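Below: the structure, in structure tokens.
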Amino acid sequence: MNPRFLFLCGLTALSSAFGLSVKHERGSLELKGPAKRVVALEYSFVDTLLALGVTPVGAALGSQGGDRGAPPYLRALSAKIPATGSRAQPSLEIMLSLRPDLILADAFVQGEIYPQLAKLAPTAAFQSRRGSLDDLNAQTLAIGQLVGREAAARQLLADQQALMRKAKVFSKKAAPAFVAAVVTPKSFTVHSNQSFVGSFLEALGRKNALGPKGDQTQYEVSLEGLVALNPQTLVLFAAPDETPITQEWKKNPLWQKLSAVQRGRVYVFDRDDWTRGRGPLALKLMVAQAIESRLLQDAAPSAAFRGQ
Amino acid sequence: MNTHSVSPRRPRLSRQVLTFCGAALLLLLALLASLALGASQIPLAQVTRLLLIPDDSTNSLVVHALRLPRTLVAGLAGAGLGVSGLLLQGVTRNPLADPGILGVEAGGAFAILVMVVFFPAAPAVLFVPAAFVGGALAAAAAYGAASSVGLTPLRLALSGVAVASLLGAATRAVQILFETRAQGALFALSGSVAGRTWEQFWQVAPWLGLGLGLGLLLSPRVNILALGEDVASSLGTRTARDSALITGLGVLLAAGAVSVVGPIGFVGLIVPHAARALTGVDHRLSLPLSALLGAALLIVADIAARLIDRPAETPVGILVAAAGAPFFVLLARHIGRGRA
Amino acid sequence: MTTPLGARYTNARALGVAGVLAALTVVLAVLALGLGAVATPAAQVWAALWGGGDDLTRQLVLDLRLPRVGVSLLCGAMFAASGAMMQGVIRNPLASPDIIGVGAGAGLAATVFLLAWPAAPPGGLPWAALAGAWGGFGLVLLLSREWRGAGGLHPVRLALVGVAVAAALGAVQQLVLVRAPDGLGSALTFLTGTVYGADAGRLLSVLPWALVLLPAALLLSRTLDVLNLGEDLATGLGTRVGPARLLSLGVGVALAGAAVTGAGILGFVGLLAPHLARLLVGAKHGRMLPVSMLLGALLVLAADTLGRALLPPLEVPAGIFTTLVGAPYFLYLLKRTA
């Protein structure tokens, strides 16, 4: 047996004897024991922690500073969690006063302040905002290990796998590819098969028409670009409190020319629930809605998902 | 008013005819190319046929419902910005007076941002008046600060920069505090003609058409003002009133353009310089030429913006700024040499 | 003005003004240590400063607030000194680091850095900004030189080319930014200028620059006085104008660049502080430079404290306050100065 392997074995034994070690975007985090007081700086971490039965002691839930606040499905669940300010510039003072023993940060958004966060408490950085479904699932397992609930995390993932397998049965084989896009009052941003929602819908058995462009997993497209893509199925993510740009586009005769519109296959989902939760709880909701909306069957959308 | 006696020396007539024909041809070609190119390619012959005889094919709809309004908006805004720059440069006798540098565009854009964020219910009809007010205030601030001791290009450029950074900080503050509500404005704030509709075209067409027409009518007066206040007064012109009128017109044209395409810098700087280089300093000639060249410039830039990153769109204002800013640097180098 | 300038601006007056400003700075610094998103009683803060107090207060005050106050003070002083030197060299009261390409260069470099190298080690952003600050200034210097004939830097052209280069760099930055898919918020807030997240490490990385460059600026104050007399007079007094200008500009840009690594671009501090200093103690650099450093420090500290205490837990970047105060003042100056 080679000595390096022996050394590694020894190291693993050592770490399991003294605590736990979890890999993340900035190296690996060694904890003496499972974390009890966790601060979560992205909604996906809040979702994952709650799914694991851990209530965070603080979270960047603020609707101040331009954030839209927690997604609707998470609002009631997170109402009692103290807010630590905006996601881009969380208040270090409030985090310190919460005495966390673990901070969960986004590797991109909070990348620049990682050293400062690491000084307050052991900090794990994950690709939440830019992660795909697989990335987010790997994070669920890692977070489970960090808070000492690895078994629960594995169970969550297994349940999710089973649920998605069941949902996949609904998926019509050889259904045409879809274009999925977040619509705001001024923009139409397509989510490719490397984005979170884009990869999620592919995992359920529908094909995404778009791949990433360069390193951009999501990008803006105009009505003309959409007409050129001419998808057979259109999946829109909109917020009920906004008037999306597609309302404007519907007045254009070209909108009626889109195959998806002619086939009556335009599905509308809540953009906060679908693109900003990104955790096990959100996924459960998303699978249910994907079936309920009849998107998977490639059938006309049910009333709740038809949009205005 | 006898304008002929003060008409500057003109190049030969035949050359001017040639220049105008060339500019018109350029504009026509740009227009056709703009209708043909984009996320999907339509052959030129088909474009001309569809333009005259629309049918209900997708291509026909693309031309009539998407590319035609967009192209016309770009052309109109480009013409407005070009003429706005020419008027402002003429009235201030300052080669750096451009609606972008003066802060007029930043003011107009900020006014629209404020309207979008704080009065989401305000109708789109109010965009031009709001942008006019914002632009006029910004111009007044930049102008007022710079003019007390004489409007040198340096002072004007510096006060424009200060007004623009003040408005920039205010814009940034609004964006940080109201990120979601302002988010959509980021694309609009950077200057773009993507997705402009007939509705938006008709919203600004009266303002810009009126402005361009008035500009043409007033161009002899700009000639007189451009000679300097002393000469103009001695010729019996009410200089203060005329300056105010022409400056207002310049701001109106810029505001009209900003309210539909967002701030697009340097069109109002490059185009008048090019037009003057081609026709000489007579505004009766350089003004229509500025309109033609401005329209052609923005349409061509918009074609590039569509093609660079298909099917995604690049805001045309950013492209124009990146291409036009080096010209500003050259001009600054040139003017600085004269110990302005 | 009835009193002659010489009599009005004396060393004694300068000392008095400096003393008052220093006292104000100390008071504000103590206040800043007590204010923040988490309430800390004054007694606890005082105890924490002398090594006592409870654990939380000590960490809040010593680990979070103290470095932040320190970085605010240093960066404010450095921006102010930089502005004072540039105004002296360019002989233009409207010059400031923001105007001669330093700010725009830093902004462009920081944006490109964030986008091109997303996996960069944290803390790399300020250094990219520093490199950009020098690049922007170098470009302005290069473009404003007269290649033929008598070489040298013409102040007016320098300022005008600076404005133009800043516009060009800004345009390129926009072109890069629009390619950014999402959440460049961290870069944007840094560019507005903020002391958010300043820790002991950042304080220690700014401190050596400040310790070398601020005294260097003071040593150059006589040279600046001479340069301020104009090219002909300065040459007559035996100063080699070209090298003296370059040296002073070099120190000025280094000050601004180092300050950018600490706090991003704090708009208009470099403009505002020297002017206020001139109003208070006159134009002689030996008196004006230290006073403007104190004013700059005070200004940035006030802006940051306000930003922290205004809407907790939201952090409002200090640069927004300095620009909102500074830009109108700049316009006022432009109106007054010939």
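Every read-out reported here was derived from the displayed coordinates using simple, explicitly stated rules and does not represent laboratory data. In this text the structure is predicted, and so the values were computed from the model without any measurement. Glycine gets a Cβ as well: all are built from the backbone with ideal geometry, and neighbour counts include every protein chain shown.
Brief remarks on what is shown
- For A:211-221, mean number of other protein chain Cβ atoms within 10 Å: 4
- Close amide H partners of A:T123, meaning residues 5 or more places away or on another chain with modelled amide H under 5 Å apart, are A:I103.
- Residues of type lysines that A:K166 reaches as a straight line, Cα spacing below 26 Å, ignoring anything fewer than 8 places off in the same chain: A:K207, A:K284
- DSSP-assigned coil residues among chymotrypsin sites (Phe, Trp or Tyr not before Pro) in the range C:43-91, each with at most 11 further Cβ atoms within 10 Å: C:W50
- Average other protein chain Cβ within 10 Å of Cβ, residues B:164-174: 6
- Estimated [θ] at 222 nm from DSSP helical runs (n ≥ 4, -39500 (n - 2.57)) normalised by residues in the protein assembly as shown, nearest 500: -20500 deg cm²/dmol
- Whole-angstrom Cα spans of the range B:66-337 along principal axes, big to small: 55, 36, 36
- Summary of the geometry: the range A:137-172 and the range C:253-290, compared by the centres of their Cα atoms, lie 57 Å apart.
- Within the straight-line cut-off of under 12 Å between alpha carbons, the aspartates and glutamates reachable from A:K213 are B:D309, sequence neighbours fewer than 8 places apart in one chain being disregarded.
- Cross-link pairs exceeding 25 Å in C-alpha to C-alpha distance, out of A:K173/A:K250; A:K186/A:K251; A:K32/A:K80, comprise A:K173/A:K250; A:K32/A:K80.
- Shape category assigned to the range A:173-305 from the gyration tensor of Cα positions, a/c cut at 1.5: rounded
- Sequence of C:F268, B:F119, A:F126, A:F305 once ranked by neighbouring C-beta atoms within 10 Å, starting from the fewest: B:F119, A:F305, A:F126, C:F268
- Span-like helix ranges in chain C, DSSP H, alpha carbon extent 20 angstrom or more, Kyte mean at least 0.0: C:11-34, C:66-90, C:102-116, C:124-144, C:155-177, C:200-219, C:241-263, C:285-310, C:318-336
- Straight-distance crosslink candidates among aspartates and glutamates, where the alpha carbon sits under 18 Å from A:K257 and sequence neighbours closer than 8 are dropped: A:E224, A:E248, B:D55, B:D56
- By average C-beta atoms within 10 angstrom, highest first, the peptides C:289-296, C:21-28: C:289-296, C:21-28
- Cα gyration tensor shape for chain C, rounded if a/c is under 1.5, else prolate or oblate: oblate
- For the protein assembly as shown, alpha-carbon Rg over 2.2 N^0.38 Å: 1.01
- The range A:16-157: C-alpha pair distances exceeding 27 Å, %: 11 percent
- Report note on the peptides B:130-136, A:165-171, B:213-219: ranked by the mean count of other C-beta atoms within 10 Å, highest first, their order is B:130-136, B:213-219, A:165-171.
- Mean partner shielding of peptide A:111-121, defined as the number of other chain Cβ atoms within 10 Å of each residue Cβ, is 6.
- In chain B the longest region clear of trypsin sites (Lys or Arg not before Pro) that are loop-assigned by DSSP and have at most 14 other C-beta atoms within 10 Å covers B:94-237.
- Treating each Cα of chain A as an identical point scatterer and summing with the Debye formula, the log10 of I(q)/I(0) at q = 0.08, 0.14, 0.16 Å⁻¹ comes to -0.39, -1.05, -1.28.
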